[in-house]
1. Between residue 196 and residues 5 or more places away or on another chain, which pairs have amide H atoms under 5 Å apart, with H built 1.01 Å from N, and which residues are they?
2. Any idea what Rg and Dmax come out to for the range 131-243 if you just take the C-alpha atoms, in Å?
3. What does the charge add up to near residue 120, with Lys and Arg as +1, Asp and Glu as -1, over the other residues with Cβ less than 11 Å from its Cβ?
4. Can you flag which of 28/51; 7/193; 6/203; 7/209; 3/111; 3/61 are past 23 Å Cα-Cα?
5. If you consider only alpha-carbon coordinates, what radius of gyration and Dmax does the range 49-146 have, in Å?
6. Which ordering of 192, 168, 63 is given by a fewest-first count of other beta-carbon atoms within 10 Å?
7. Using Cα pairs closer than 8 Å and at least 6 residues apart in sequence, work out the relative contact order for the chain, in percent.
8. By DSSP, what percent of the beta bridges with both residues in the chain are antiparallel, rounded to the nearest 5?
Amino acid sequence: MIKIIKKKNYEEMSAYAAEMIAAQILLKPCCVLGLATGSTPLGTYSKLIEKYQAGLLDFAKVRSVNLDEYCGLSPEHDQSYHYYMKENLFSHINIDPDNTHVPNGMAQDMKAEGERYDALIASLGGIDLQLLGIGNTGHIGFNEPDSNFPTATHRVRLAQKTIEANSRFFASVDDVPKYAVTMGMTSIMSARKILLLANGVSKAEIIKKSFFDSVTPQVPASILQLHPDVTVVVDEEAGSLLP
Ligand code: PGA
């Protein structure tokens, strides 16, 4: 079931998302959070850091698994998602670095890396709350439009539209990695709760397509219509085409 919550702006969307994540941690201090990268969750992470600094949240027992990582970027690369997570969240809170996990984009054998990552998620007991952004291709994680929904963690070729969208973080479009390793739909759909965030007018069309059209692997996020507990939080612009 999908619950859609419209907020006035990015600030309010982020505050709501941080409240949901904080509630999850208070309810189960050793919870497994599925985390996302990109521009969308930055405000949410700032609000979580503020709550931690105010003594309202304790991450000591929290475990985390990230959705994806670029292939070929080392954890020290400033555009890697390892680096992003450290910069934007982990280094500001009391999470144990040993309890944080991001797929290894440098693995030689991506099939083995996918199996390792899925086994790791299973060994943690699955994901309690999965945070998601959405790409303008409809991707969640880096699961791009395809003829079927990919299940396991796997290597994926990024859609040209994604490469172009993410080129804003690189010196040129040619510097954007062409491949990534991403959680598949099994781990995402097995999460007990899902929280998807979208802001800005560029997401309006894909939000409508994902949640008000049919379920199809051509719009990967549409699979969430089949999940029992999804909260979608949009700002006014991203929600502007919704009925
Ligand atoms: P964004 O990316 O948050 O930077 O818009 C979302 C995504 O690609 O999933």
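1. 132, 231, 232, 233
2. When restricted to Cα atoms, the range 131-243 yields Rg and Dmax of 13.8, 41 Å.
3. Within the 11 Å Cβ shell, the charges total -1.
4. Over 23 Å Cα-Cα: 3/111; 3/61.
5. Rg, Dmax (Cα atoms, Å): 14.5, 45.
6. 168, 192, 63
7. It rounds to 26 percent for the chain.
8. For the chain, the DSSP antiparallel bridge percentage is about 30.
Bear in mind these aren't lab numbers, they're just calculated from the coordinates by the rules spelled out. Remember, it's a predicted structure, so these values are computed and weren't measured experimentally. Using ideal geometry, Cβ is built from the backbone for each residue, glycine included, and neighbour counts are taken over all protein chains shown.
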